[in-house]
1. In whole percent, what relative contact order does the chain give with Cα contacts below 8 Å and a gap of six or more residues?
2. In debye, nearest 20: dipole of region 1-95 around its Cα centre with unit charges on the Cβ of K, R (+) and D, E (-)?
3. Highest mean first, what order results for 88-94, 120-126 on Cβ atoms within 10 Å?
4. Starting from a Cα-only point model with no solvent, please compute log10 I(q)/I(0) by Debye for region 9-86 at q = 0.11, 0.13, 0.24 1/Å.
5. Nearest 10 degrees, 0 to 90: what angle lies between the long axis of helix 67-79 and the longest principal axis of the chain (Cα atoms)?
6. Could you tell me what % of all Cα pairs in region 85-145 have separations over 12 Å?
7. At 4 °C and 1.567 mPa s, grab the translational diffusion coefficient of the chain from Stokes-Einstein with a Kirkwood Rh over Cα pairs, rounded to a whole number in µm² per second.
8. Quick one: Cα centre-to-centre distance for region 100-145 and region 1-59, in angstrom?
Amino acid sequence: MENSESLKLENQICFPLYVIAKEITGLYRPFLDELDITYPQYLVMMVLWENDGLPVNHIGEKLYLDSGTLTPLLKRLEAKGLILRKRKKEDERVVQVFISDLGKELQQKACEIPSKIYHKVGVSKEDWAELSKSVKKILNKLDNK
């Protein structure tokens with residue numbers, strides 16, 4: 001048998017990344033419940049708060065989501081009155097997504113969430129930044145494959 005050590009759970013990078021993603025996402029739940037949005041909806045809103053009016057495919061690229069996953073998210077956000085979807089006049093095949101006034105109000109409430117997460121986990125901003133830098137470096141390498 002080849003090196004069975006390589007198959008031990010403790011030697012896998014995927015497992016701690018999976019667990020930390022699941023646990024941190026779970027920490028967001030009570031804060032997002034107060035805003036009546038899910039974590040994936042929060043991600044979409046963050047993209048739009050940063051770049052209002054993006055085409056649907058650009059949102060999908062930023063979030064690594066395909067249109068089959070993204071379209072229902074956008075429909076739910078639109079039903080809540082947080083976004084508006086409009087076809088581009090120059091090319092009606094392109095749907096752009098805009099933040100509504102209600103979505104802008106939500107942004108003000110959501111501004112407190114990152115600091116609440118930092119506080120809840122008890123990790124310094126420097127440690128978060130270091131972790132983020134390392135993960136982004138790996139993600140960038142995966143994107144270039």
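1. 19 percent
2. Approximately 520 debye in magnitude.
3. Order by mean packing, descending: 120-126, 88-94.
4. -0.35, -0.47, -1.16
5. 50 degrees
6. That fraction is 78 percent.
7. The Stokes-Einstein estimate is 74 µm²/s.
8. After rounding, the separation between the Cα centres reads 10 Å.
No lab work stands behind these numbers, since they all come straight from the coordinates. Because the structure is a prediction, the values reported are computed rather than measured. Cβ atoms come from the backbone with ideal geometry, glycine included; neighbour counts cover every protein chain shown.
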